[in-house]
Amino acid sequence: MTSDKSNNNDFVCETFVIGPLATNCYVLYDEKTHKGVLLDPAAHDPNIEEYIKERNIDVEYTINTHGHADHITGNAVFGFPILIHQLDEACLQDPVKSLSVFSGADVEGTSAARLLQDGDIIEVGEMKLEIIHTPGHTPGGISVKCGNIIFSGDTLFFEGIGRTDLPGGDTKTLLDAINDKLMVFPDDVRVLPGHGPETTIGHERQNNPFL
């Protein structure tokens, strides 16, 4: 469990590692209002439902950091309104763009409740989630900043970066996004990625071989 009480934020984040590619799915909620969001549901997981129910969390949105199958397969089953960047919207319906046709994932088509753009602020309870467009892994890849935490999707990993050899990927675009949009934050900002362990901006600044 991750919590952040800096900058007057009182929120809790629980991580669930689910799906065949061990995707980090996050439930993030405001302790005062119990309103929350679900990030990147790779698949349906009853443990997530139980967690939400036990803590009486009012999940307002599912936020997809990008449109690949290992981040959207659970969208339809959970049934929360979906937020995704406008450039990845087609992934919600197109099995080629989501790569589900290649991975064998059974992704039920869904529609976005809202299309996101760089700089959008999503208010959930007393939380403010800042949308940072970080393309390169996909055209519509985003990172989501809340307090001192960045949910980086498949943009930035612990000592690594997202793949760029898949359709829509571009290495220069990804590196530019990381350097221009993420490395501007202080060293102590925590990074919770779409796969693998968490890290910090400072650690990646010093140790990421791609940067």
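Every number in this text was worked out from the coordinates using simple rules, so none of it is lab data. Keep in mind it's a predicted model, so treat the numbers as computed, not measured. Cβ atoms come from the backbone with ideal geometry, glycine included; neighbour counts cover every protein chain shown.
Listed conditions (1) among the aliphatic types (A, V, I, L, M); (2) within 25 Å of THR171 (Cβ to Cβ); (3) crowded, with 16+ Cβ neighbours inside 10 Å are all met by VAL96, apart from (3).
When SER152 is tested against (1) more than 23 Å from VAL184 (Cβ to Cβ); (2) among the polar types (S, T, N, Q); (3) under 13 Å from the mean Cα position of the chain (by Cα), exactly one condition is not met: (1). Identify all residues within the range 74-109 that are under 19 Å from ILE142 (Cα atoms), among the polar types (S, T, N, Q) and in contact with a helix residue (DSSP H, G or I) (Cβ under 8 Å, 6 or more places away or on another chain); write none if there are none. Of everything in the range 74-109, those that are under 19 Å from ILE142 (Cα atoms), among the polar types (S, T, N, Q) and in contact with a helix residue (DSSP H, G or I) (Cβ under 8 Å, 6 or more places away or on another chain) turn out to be ASN75, SER98.
Residues in the range 37-83 that are buried (at least 21 other Cβ atoms within 10 Å of the Cβ), in a helix (DSSP H, G or I) and of a type outside the set (A, V, I, L, M, F, W, C): ASP70, HIS71, ASN75. How many residues does the range 201-211 hold that are part of a helix (DSSP H, G or I) and in contact with a strand residue (DSSP E or B) (Cβ under 7 Å, 6 or more places away or on another chain)? Going through the range 201-211 one residue at a time, the tally reaches 2. Within the set THR134, THR138, THR155, the sole residue that is closer than 12 Å to GLY194 by Cα and crowded, with 21+ Cβ neighbours inside 10 Å turns out to be THR155.
Criterion applied to ILE57, ILE52, ILE48 was being over 19 Å from GLY140 (Cα atoms) and out of contact with any Phe, Trp or Tyr (no Cβ under 8 Å at 6 or more places or on another chain), and the one residue passing it is ILE52. Whenever a residue of the range 66-90 is among the aromatic types (Phe, Trp, Tyr), its partners that are surrounded by fewer than 20 Cβ atoms within 10 Å (Cβ to Cβ), lying with C-beta atoms within less than 6 angstrom and at least six residues away or across chains, give the pairs PHE80/TYR61. For the range 16-36, residues that are assigned to a loop (DSSP other than H, G, I, E, B) and closer than 22 Å to PRO139 by Cα total 1.
Where strands (runs of 3 or more DSSP E) fall wholly inside the range 114-200, the ranges with 3 or more residues that are among the aliphatic types (A, V, I, L, M) and either closer than 23 Å to PRO81 by Cα or in contact (Cβ under 8 Å) with a residue 40 or more places away in the chain (or both) are 121-124, 127-133.
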